[in-house]
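Below is one structure, written out as structure tokens; the observations come after it.
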Amino acid sequence: LLSSPLHPPKKPDELRTGHFTDIDVPCLFVSSDNDPFGSPNEFRRHLRRIKGSVDSHFVEGGRHDPSSFGRTSEIVEHVSNWLTLLRGN
């Protein structure tokens, strides 16, 4: 998931993670280290609820919108590598 919102900005108590316990497939979460919808620490804490394997990648800089990261090629490369590993090639 790219920039999946854990909660609204400045409202960490309004979590949007209730469905996480229903996820039983491999997941890759890509976000920035400055996302107002969830910090890397918040992601790490809540991603443990997912039953499937979970990987995460936090791009330095940027906000919630992946295009604001200014590092699209890094995101594409990371997703591509993850998919390759997932396929077992």
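The values are calculated or read from the model by the stated rules, or taken from the named source; none is laboratory data. Since we're looking at a predicted model, the values are computed, not measured. As a convention, Cβ positions derive from the backbone with ideal geometry for all residues, glycine included, and neighbour counts pool all protein chains shown.
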**Message:** Can you say whether residue 36 is in contact (Cβ under 8 Å) with a residue 12 or more places away in the chain, over 25 Å from residue 86 (Cβ atoms) and touching a Pro at 6+ places or on another chain (Cβ under 6 Å), as far as the supplied structure shows?
**Reply:** yes
**Request:** Quickly run through region 1-56 and pick out the residues that are hydrophobic (A, V, I, L, M, F, W, C), at pLDDT 90 or above and part of a loop (DSSP other than H, G, I, E, B).
**Result:** 6, 15, 23, 25, 37, 50
